[in-house]
Amino acid sequence: MDNDRDLLLVSVFTFFTVLLWISFELIKTTKTTTVTAPVRQIVTPLSSTIDTQIIFQLKERKTY
C-alpha cells in the first residue's frame, strides 16, 4: 500500500514539473523574437491598391 502511494506522489510531482516546464518554455518563446531589425524593415506590407488606368492601357494595346 505504501509503495502505491509513493508511486502516486512521484507521478503527480512529475506531472506538475512537466506542466510548469512546458508553460515556462511557452512564455519564454512568446517573449523572445527571432526576427531581426533589418528583416523587420524589409518585410513590410504590400500596398493593395490597383492602378486601373494601367489595366485599361494594357487592354488598348495592339499587337501586330
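The values are calculated or read from the model by the stated rules, or taken from the named source; none is laboratory data. Treat the numbers as computed from the prediction; the structure is a model and nothing was measured. Neighbour counts run over all protein chains shown; Cβ positions are idealised from the backbone, glycine included.
Key figures for this structure:
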{"read-out": "Failed item, numbered, when Arg5 is tested on (1) at pLDDT below 95; (2) within 17 Å of the chain's Cα centre (by Cα)", "value": "(2)"}
{"read-out": "Any chance Gln53 is modelled with pLDDT under 85, exposed (fewer than 10 other Cβ atoms within 10 Å of the Cβ) and assigned to a helix (DSSP H, G or I)", "value": "no"}
